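Engineer: I am attaching a structure below and will ask some questions about it afterwards.
The values are calculated or read from the model by the stated rules, or taken from the named source; none is laboratory data. This is a predicted model, so every value here is computed, not measured. Virtual Cβ from ideal backbone geometry, glycine too; neighbours counted across all protein chains shown. These accessible areas exclude ligands, DNA and RNA; they are computed on the full protein's heavy atoms, side chains included. Shrake-Rupley method; radii C 1.70, N 1.55, O 1.52, S 1.80 Å.
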Amino acid sequence: MAKITYIEFDGTEHVLDVKPGLTVMEGAVKNNVPGIDADCGGACACATCHVYVDDAWADRTGEKSAMEESMLDFAENVEPTSRLSCQIKVSDALDGLVVRLPENQH
Amino acid sequence: MSEAVVSDPKAKVVIVGAGHAGGSAAAFLRQYGHEGPIVMIGEEPLLPYQRPPLSKAWLKGEADADSLALKPQEWYAEANVALRLEGVATSLNRGDRTVSLASGEVISYDFLILATGARARELPIPGADLSGVLALRTAADAEALKAALGPGKRLAVVGGGYVGLEAAASARALGAEATVIERESRVLARVACETLSTFFQDYHGARGVKFELNANVEAFEGADGHVTGVRLKGGEVVACDAALVGVGAHANVELAQDAGLECAGGIVVDLEARTSDPRVFAIGDVAHRPLPLYERQFRLESVPNALEQAKQAAAAIVGRAGPAPEVPWFWSDQYDLKLQIAGLPFDADSTIVRGDVAAAKFAVFHLKGDLVQAVEAVNAPPEFMAGKQLIAKRTPVSKTKLSDPAISMKEVAA
Ligand SMILES: Cc1cc2nc3c(=O)[nH]c(=O)nc-3n(C[C@H](O)[C@H](O)[C@H](O)COP(=O)(O)OP(=O)(O)OC[C@H]3O[C@@H](n4cnc5c(N)ncnc54)[C@H](O)[C@@H]3O)c2cc1C
Ligand code: FES
C-alpha cells in the first residue's frame, strides 16, 4: 500500500492507503474524495482528474505523455506541476505522495 | 402538487437503478453532506460499475472487474448506502411515496431518483433467440461476448454505431474476424458526420474488418440452437460464430410512465433533473433533459451526462447550488484512435475539417454562422478541448483561422 495525501482546494486533507497498480485518480474516486470527477474513467479524454503534484515527487510520478500534455494545455488553472491523476500509476515508490486539487475541474 | 418541496439534507432518498448515474448520485449526495438514509435498488447482481470499458479495455482483457466498479463494496457500508442488489422495482406509488419491489418489499421515500438507464433494442426477426445472438449493455453481456471471441472466431456485428465498432476493434485485437452489417449507407450514420464515418470505416477496413452496408438483416440462421449466420435481404448469409446486435437502446421509462410522470421517449426533467413530480428526479440515460445551449430537450446516452445530472439531483436534494452547466461530450477508443466529441451538431450550417484525415489526426467542426455547435476530434485533444470551450462560451470564431492548422487552437479561441 502507498499512503497518498489528497488535499482539496479548501484545505481538507484525505490520507488514504492506495493499492499499487491503481492510478492516483482511482485512489481518490474509490474513496469518494470530492474534487476528482474523472468523467472518462481514466481514458485521458476529459481532464477532470487534474491535480498538482508537489515538486519533490515530480521525478517519481513519471513523464507526461503527449496526449496528457495536450489535454492539460487546455485545462483551467494549469501550473507547471499539473498532472492528470489517471495517468499516474501508484507503486510503493509513491508512498507518501501529496497531491493538491484545483479549485474546479471544468 | 400544491405542497412546497424544500431541500432537506436529512431526507430519505431512494435510488432506483444502481448503474453509473444511480451510483454516482449516492456518491455525490454523501460528498455534498447529505445525512439522511440512502437506499439503492438495482436489478443487476453487481455494485454500480462503468460500462464504457465493456466494449474497450475490458473486452480486450486490459482491465479487471474491480477497476470497473465505481466504488468498492466497503464504501457502501461506510457511507451508509443500503443496497438492494438483484432487486427490481415494479411500481411507484407517488401518493404514499413508496416504491414496491418484486420481492414484495415496499420502501418509502422523501425523494426518489429514477436512474433506470436504457436497455439494448432487440431485433424482432427469426432466430433472435438463438444462443450466440448477443447484446452488449451489461457486464454479463460482455462476459458472454468475450467468451465468444478469440483467434479464428467470426463475429458479426449488426449495427455500425460506437458500441458495434468498438466491439469489432476489440474482436480484431483478440484475433477474431469481424463483419459489421449496417442498414444505412455508412457507419455511425446517426451519430457522426460523413467525414468521420468514411474515416472510421477505412481505418477498420485496413485492420481487417469487413462491412456490409445498405444491408437489411432478415434472420439469424442457426444449427442446434446456436447462431451460424446472419441472413440479409437478398439471401446473402454472413457466416459467424456469434452475432452482436448493437442497434440502439430504449430508455427504461415504464416505472415512471405507469406512475403518470411526464415522458417523451425518456422521463422529462428540468435543469435540476426534477420530473413533473417535485419529489422525483430522473437522471442518466433514462432522462429527457433540457440542453440550454441548443434550446432543446434531448435524451443523451453518455457518462458525462449521467454524472452531470447526478450532481444536479444531489445538489437539489441537499439544497446547494447546482453544478456549472456542461457541454455534452463523449469519447470512444478504437485501435490507437481517440475520438472525442463535444456538443451536438444541431442547426449547423457549415463544417470545417482541420488537420490531416489521412494521418488520423484531425477534427471536424460544425458551425452555425460563426458559432461552433460541435466538434468531432480524432487524436486531436487541443481541437476537442478548445472546441468545447468555444461551444460553452458561444464566442464567434474566424473560419479562416479555424481551417488553418498552422494557427494554434489557443489563437483561434483567443
Ligand atoms: C458497451 C458500452 C459502451 C459505452 N461507452 C461509452 C463511452 O465510451 N463513453 C460514454 O460517455 N458513454 C458510454 N456508454 C454509455 C454509458 O455507459 C451510459 O450512458 C451510462 O451507463 C448511463 O448510466 P445510467 O445509470 O443512466 O444507466 P445504466 O448504467 O444502464 O444503469 C441503469 C441500471 O438500472 C437498472 N434498472 C433498470 N430498471 C430497474 C428497475 N425497475 N429496478 C431496479 N433496477 C433497474 C439496470 O439494470 C441498470 O443496472 C457506453 C455504454 C455501453 C453499454
Ligand atoms: S479521468 Fe479523464 S482524463 Fe483522467
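Engineer: Look at residue B:271 and say whether it is part of a loop (DSSP other than H, G, I, E, B) and buried (at least 16 other Cβ atoms within 10 Å of the Cβ).
Structural biologist: No; evaluated as a whole, the condition is false for this residue.
Engineer: Here's something else I'd like to know. Filter the strands (runs of 3 or more DSSP E) completely within region A:1-72 down to those with at least 3 residues that are away from ligand 2 (no atom under 12 Å from the Cβ) and in contact with an Asp or Glu (Cβ under 9 Å, 6 or more places away or on another chain).
Structural biologist: Result: A:2-7.
Engineer: Let me ask something else about it. Out of region A:59-80, which residues are within 14 Å of chain B (Cβ to nearest Cβ), out of contact with any helix residue (DSSP H, G or I) (no Cβ under 8 Å at 6 or more places or on another chain) and over 18 Å from residue A:100 (Cα atoms)?
Structural biologist: Once the filter is applied, which keeps residues that are within 14 Å of chain B (Cβ to nearest Cβ), out of contact with any helix residue (DSSP H, G or I) (no Cβ under 8 Å at 6 or more places or on another chain) and over 18 Å from residue A:100 (Cα atoms), region A:59-80 yields A:66, A:69.
Engineer: Which condition does residue B:288 not pass, out of (1) closer than 30 Å to residue A:29 by Cα; (2) open to solvent by less than 20 Å² (accessible area, probe 1.4 Å), if it passes all the others?
Structural biologist: With respect to (1) closer than 30 Å to residue A:29 by Cα; (2) open to solvent by less than 20 Å² (accessible area, probe 1.4 Å), residue B:288 is out only on (2).
Engineer: Filter region A:53-75 for residues that are within 19 Å of residue A:39 (Cβ to Cβ) and surrounded by 17 or more Cβ atoms within 10 Å (Cβ to Cβ); which is nearest to ligand 1 (Cβ to nearest atom)?
Structural biologist: Here the answer is A:71.
Engineer: While we're on this one: Using the structure shown, decide if residue A:8 is of a type outside the set (A, V, I, L, M, F, W, C), closer than 30 Å to residue B:330 by Cβ and in contact with a His (Cβ under 9 Å, 6 or more places away or on another chain).
Structural biologist: So residue A:8 fits the description; yes.
Engineer: Now for a separate question. From the list B:86, B:105, which residue is within 30 Å of residue A:25 (Cα to Cα) and more than 16 Å from ligand 2 (Cβ to nearest atom)?
Structural biologist: None of the other options fit; the residue is B:86.
Engineer: Is one or more of the residues making up region B:307-317 in a helix (DSSP H, G or I) and among the acidic types (Asp, Glu)?
Structural biologist: Yes.
Engineer: Report, by residue number, each residue of region B:135-164 that is assigned to a helix (DSSP H, G or I) and touching a helix residue (DSSP H, G or I) at 6+ places or on another chain (Cβ under 6 Å).
Structural biologist: B:142, B:163
Engineer: Out of A:38, A:28, A:45, I need the residue that is more than 11 Å from chain B (Cβ to nearest Cβ) and surrounded by 15 or more Cβ atoms within 10 Å (Cβ to Cβ). Which one?
Structural biologist: One residue alone meets the criteria, A:28.
Engineer: Exactly one condition in (1) surrounded by 18 or more Cβ atoms within 10 Å (Cβ to Cβ); (2) within 14 Å of chain B (Cβ to nearest Cβ); (3) over 28 Å from residue B:335 (Cβ atoms); (4) at pLDDT 95 or above is false for residue A:99; which is it?
Structural biologist: (2)
Engineer: Which condition does residue A:83 not pass, out of (1) within 14 Å of chain B (Cβ to nearest Cβ); (2) surrounded by 20 or more Cβ atoms within 10 Å (Cβ to Cβ), if it passes all the others?
Structural biologist: (1)
Engineer: Restricting to region B:34-71, count the residues that are within 11 Å of chain A (Cβ to nearest Cβ), closer than 28 Å to residue B:14 by Cβ and either in contact with a Cys (Cβ under 6 Å, 6 or more places away or on another chain) or open to solvent by 40 Å² or more (accessible area, probe 1.4 Å) (or both).
Structural biologist: 2
Engineer: Name the residues in region B:232-252 that are open to solvent by less than 30 Å² (accessible area, probe 1.4 Å), closer than 15 Å to residue B:301 by Cα and touching a helix residue (DSSP H, G or I) at 6+ places or on another chain (Cβ under 6 Å), would you?
Structural biologist: Selection gives B:246, B:251.
Engineer: What number goes with the only condition from (1) more than 11 Å from ligand 1 (Cβ to nearest atom); (2) more than 14 Å from chain A (Cβ to nearest Cβ) that residue B:252 does not pass?
Structural biologist: Going through (1) more than 11 Å from ligand 1 (Cβ to nearest atom); (2) more than 14 Å from chain A (Cβ to nearest Cβ) one by one, residue B:252 breaks only (1).
Engineer: Okay, next question. Limited to region B:318-352, what total is found for residues that are under 19 Å from the mean Cα position of the chain (by Cα) and of a type in the set (Asp, Glu)?
Structural biologist: Selection size over region B:318-352: 2.
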